[in-house]
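Student: Below are the structure tokens for one structure; questions will follow.
Bear in mind these aren't lab numbers, they're just calculated from the coordinates by the rules spelled out. Computed from a predicted structure; not experimentally measured. Heads up, the Cβs are rebuilt from the backbone with ideal geometry, glycines too, and the neighbour counts pull from every protein chain shown.
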Amino acid sequence: MLQGAIRIAPSILVADFARLGEQVVQAEQSGADRIHVDVMDGHFVPNLSLGAVIVEGLRKVTRLPLETHMMVANPDLFLDEFCEAGTDAFLVHWESNPNLHRTVQRIKALGKRAGVVINPATTAAVLEEILPDIDQVLVMTVNPGFGHQHFLASTLAKIGRVRHMIKEINPACDLEVDGGIDEETAPLAVAAGADVLVAGTSVFGDHRGVAAAMERLTAAANTAVSQIRK
Ligand code: DX5
Ligand code: ZN
């Protein structure tokens with residue numbers, strides 16, 4: 001299986017918000033590829049989280065791409081606002097959107113990267129028609145709405161199916177996974193085909209600090225890559 005170098009996308013949902021800027025700078029200095037911002041509206045998922053003001057604040061402290069994971073009932077309503085705040089990539093759920101193609105075209109017209117997210121119970125097959133138009137697929141490895149959840153091993157076979165589809169249809173597309181990614185689960189996700197790992201608790205919740213956590217997670221992921229390429 002051919003996939004690119006493994007990249008880490010720290011998720012600020014579980015960061016220490018009193019020290020958010022500092023923690024994001026530490027993640028950048030520790031080799032993070034992008035910063036993952038979880039936006040929740042209390043409708044699409046049973047939780048509230050962050051608004052565009054957070055993206056605006058982060059834009060001032062980091063040069064890393066900011067990707068916004070839209071766990072909201074109607075992502076179209078918020079694209080302009082988040083775009084102006086400094087979002088570089090939008091991740092929109094297949095489940096929240098009967099007009100996904102239109103939303104993806106709007107994101108591209110704004111000059112931003114477009115990604116489509118699928119929940120654990122959603123089949124990989126729904127990606128087939130939209131795959132040529134997008135830059136990222138995000139496979140949820142927990143049910144969206146909360147950090148600190150356990151990785152669902154039942155998603156591994158689907159990650160493999162998505163990797164196969166990407167290879168056939170759009171090899172430049174990222175295959176990202178989100179939820180419960182840590183030193184134990186990262187190698188499983190990478191072996192299944194993931195090349196971008198969203199990680200919240202395992203990066204910002206590690207008492208040894210962000211730099212040590214990033215180092216351990218990257219090492220675990222790269223071990224899996226070297227085994228795949230043997
Ligand atoms: C869950 C979010 C994730 C979450 C990841 O709905 O989409 O990005 O913050 O956090 P951990 O790594 O703790 O599962
Ligand atoms: Zn997320």
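Student: Just for region 98-186, what percent of DSSP beta bridges are antiparallel, to the closest 5? Please report the intermediate quantities before stating the final value.
Tutor: Details: 0 of 9 bridges.
Of those bridges, close to 0 percent are antiparallel.
Student: Also: Give me the net charge for the shell around residue 62: Cβ to Cβ below 13 angstrom, other residues only, Lys and Arg +1, Asp and Glu -1.
Tutor: Once all neighbours under 13 Å are counted, the net charge is -2.
Student: Moving on. Using the reciprocal of the averaged 1/r over all distinct C-alpha pairs, how large is the Kirkwood radius of region 1-141 in Å? Don't skip to the end; give the middle numbers.
Tutor: Working: mean 1/r = 0.0643 Å⁻¹.
Final number for the Kirkwood radius of region 1-141 is 15.6 Å.
Student: For residue 170 and residue 18, what does the FRET efficiency come to when R0 = 30 Å and r is the distance between their Cβ atoms, rounded to the nearest 0.05?
Tutor: So, using R0 = 30 Å, E works out to roughly 0.15.
Student: Count the DSSP beta bridges whose two residues both fall in the chain, then state the antiparallel fraction as a percent rounded to the nearest 5.
Tutor: 5 percent
Student: Taking Cα pairs under 8 Å and at least six residues apart, what relative contact order does the chain come out at, in percent?
Tutor: Relative CO of the chain lands at 22 percent.
Student: I need the calculated FRET efficiency for the pair residue 184 and residue 109, taking r as the beta carbon distance and R₀ as 45 Å, to the nearest 0.05. Spell out each step's value before the answer.
Tutor: Working: r = 41 Å, r/R0 = 0.91.
Efficiency for this residue pair is about 0.65.
Student: Something else about it: How large is the helix-only mean residue ellipticity at 222 nm for the chain, computed as the sum of -39500 (n - 2.57) over DSSP H runs with n ≥ 4, divided by its residue count, in deg cm²/dmol to the nearest 500?
Tutor: It lands at -10000 deg cm²/dmol.
Student: Could you state, as a whole-number percent, how many of the C-alpha pairs of region 119-208 are farther apart than 20 Å?
Tutor: 31 percent
Student: In Å and from the alpha-carbon atoms only, list the Rg and Dmax of region 54-123.
Tutor: 12.2, 38
Student: How much FRET efficiency would the formula 1/(1 + (r/R0)^6) give for residue 99 and residue 207, where r is the Cβ-Cβ distance and R0 is 45 Å, rounded to 0.05?
Tutor: Efficiency, from the Cβ-Cβ distance: 0.50.
Student: Let me ask something additional. Cα-based Rg of region 111-162 per 2.2 N^0.38 Å, rounded to two decimals?
Tutor: Details: Rg = 11.8 Å, N = 52, 2.2 N^0.38 = 9.9 Å.
Normalised Rg, Cα atoms only: 1.20.
Student: Let me ask something else. Suppose the chain between residue 53 and residue 150 were pulled fully straight at 0.36 nm per residue; how much longer would it get relative to their current alpha carbon spacing?
Tutor: 32.0 nm
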